[in-house]
Amino acid sequence: MELRVLRYFLTVARVENITHAATILHVTQPTLSRQLADLEKDLGTQLFIRGKSKITLTESGMLLRQRAEEILTLADKTEKEFKDQNNLVGGTISIGSVESLTSNVILQSLKDFNAEYPQVSYHIFSGTGDDIKERIDKGLLDIGILLEPIHIEKYDFIRLPQKERWGILTRTSSPLASKDYVAAKDLTGVPLLISSRVVVQNEIASWFADEYSQLHFVATYNLISNVVNLVEQGLGTAICIEGAVAMKHSDSLCFIPFYPELQFPTVIVWKKHKIFSPSAVRFLQHIKHAFQA
């Protein structure tokens, strides 16, 4: 598959019309149609369902769209790194971060680095720890800011001294809102929302101990921003970290920590043995100096 054809494919998938896509790409409609037909032939599968005025993706087409976006992102990143390899003050650094207050520490470090190297640009990706690790593994991100527990055997890392404490996000009108802390027994029978990450669920289950089997979970989530509205609407109470809630301030909601306290540290990770761009190397040196000191 040629990168050019993948760009053609993504444009058609985005606008859902071959004529419109041909205009955007500055090619003729027959040429574009032929390229798409050849792509389907090469892959041995149908990518589009062609209607009178609109085309949609098949399941195979949706899979290719995801892979094509990853391939082209990596290709563009690689091309830019080679163009910037002789320029230590240019290039793009890709950073993934979970939702937490400690991620603000990294952003401050980024601000300091940018003051020294103003020609460097940044791509910031927000997601779960699993999302970020996957993108690091694929070369789409240089550095990740993750909240433990995670498996970090494949990565070099710096463990930050700051820790995030776990608790609940609930409405200020809830009976739980009057408490300074919540114990496991306080949440028995309460509709709960919990992270979809299995490793986090295991840690929470360990903290709840015997009471865990008595809990009532109504939903799982990947990012806390997905559930703030659900908690506000009264669907349930979310188990989450304090930092994520502080970033989504709402007067109708409040955070209450667990007792005994449950805290996890934050780590900065990057792939072992990866060859970084000069700007990424400089940034890693910068954060190592800042946090290992």
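Computed values, structure above
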| read-out | value |
| --- | --- |
| Residue ID - farthest from ILE224 (Cα to Cα), chosen from residues in the stretch 160-195 that are open to solvent by 30 Å² or more (accessible area, probe 1.4 Å) and part of a strand (DSSP E or B) | PRO161 |
| Selection from the stretch 182-223 of residues that are of a type in the set (A, V, I, L, M) and within 18 Å of ILE150 (Cα to Cα) | ILE194, VAL198, VAL199, VAL200, ILE204, ALA205, LEU223 |
| Check on GLY61, buried (at least 17 other Cβ atoms within 10 Å of the Cβ) and outside any loop (DSSP other than H, G, I, E, B) | yes |
| Any hit, the stretch 76-89, residues being open to solvent by 40 Å² or more (accessible area, probe 1.4 Å), aromatic (Phe, Trp, Tyr) and either farther than 30 Å from LEU160 by Cβ or touching a Gly at 6+ places or on another chain (Cβ under 6 Å) (or both) | yes |
| Count of residues meeting criterion [open to solvent by 20 Å² or more (accessible area, probe 1.4 Å) and either free of Cβ contacts under 8 Å to residues at least 24 places away in the same chain or within 28 Å of LEU223 (Cβ to Cβ) (or both)] in the stretch 279-293 | 7 |
| So SER60, is it of a type in the set (S, T, N, Q) and under 30 Å from PHE264 (Cβ atoms) | no |
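Yes/no per residue for (1) touching a residue at least 40 places away in the same chain (Cβ under 8 Å); (2) closer than 22 Å to CYS240 by Cα; (3) of a type in the set (Gly, Ala, Ser):
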{"position": "LEU107", "(1), (2), (3)": "no, yes, no"}
{"position": "PHE113", "(1), (2), (3)": "yes, no, no"}
{"position": "SER121", "(1), (2), (3)": "no, no, yes"}
{"position": "PHE125", "(1), (2), (3)": "no, yes, no"}
{"position": "ILE132", "(1), (2), (3)": "no, yes, no"}
{"position": "LEU140", "(1), (2), (3)": "yes, no, no"}
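Quick grid of which residues meet (1) open to solvent by 70 Å² or more (accessible area, probe 1.4 Å); (2) outside any strand (DSSP E or B); (3) out of contact with any helix residue (DSSP H, G or I) (no Cβ under 9 Å at 6 or more places or on another chain):
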site	(1), (2), (3)
LEU107	yes, yes, yes
LEU110	no, yes, no
PHE113	no, yes, no
PRO118	yes, yes, yes
PHE125	no, no, no
ASP131	no, yes, yes
ARG135	no, yes, no
ILE152	no, yes, no
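The values are calculated or read from the model by the stated rules, or taken from the named source; none is laboratory data. Owing to the predicted nature of the structure, the values given are computational and were not obtained by experimental measurement. As a convention, Cβ positions derive from the backbone with ideal geometry for all residues, glycine included, and neighbour counts pool all protein chains shown. Accessible surface is based on the protein model in full, side chains and every heavy atom, while ligands, DNA and RNA are left aside. Shrake-Rupley method; radii C 1.70, N 1.55, O 1.52, S 1.80 Å.
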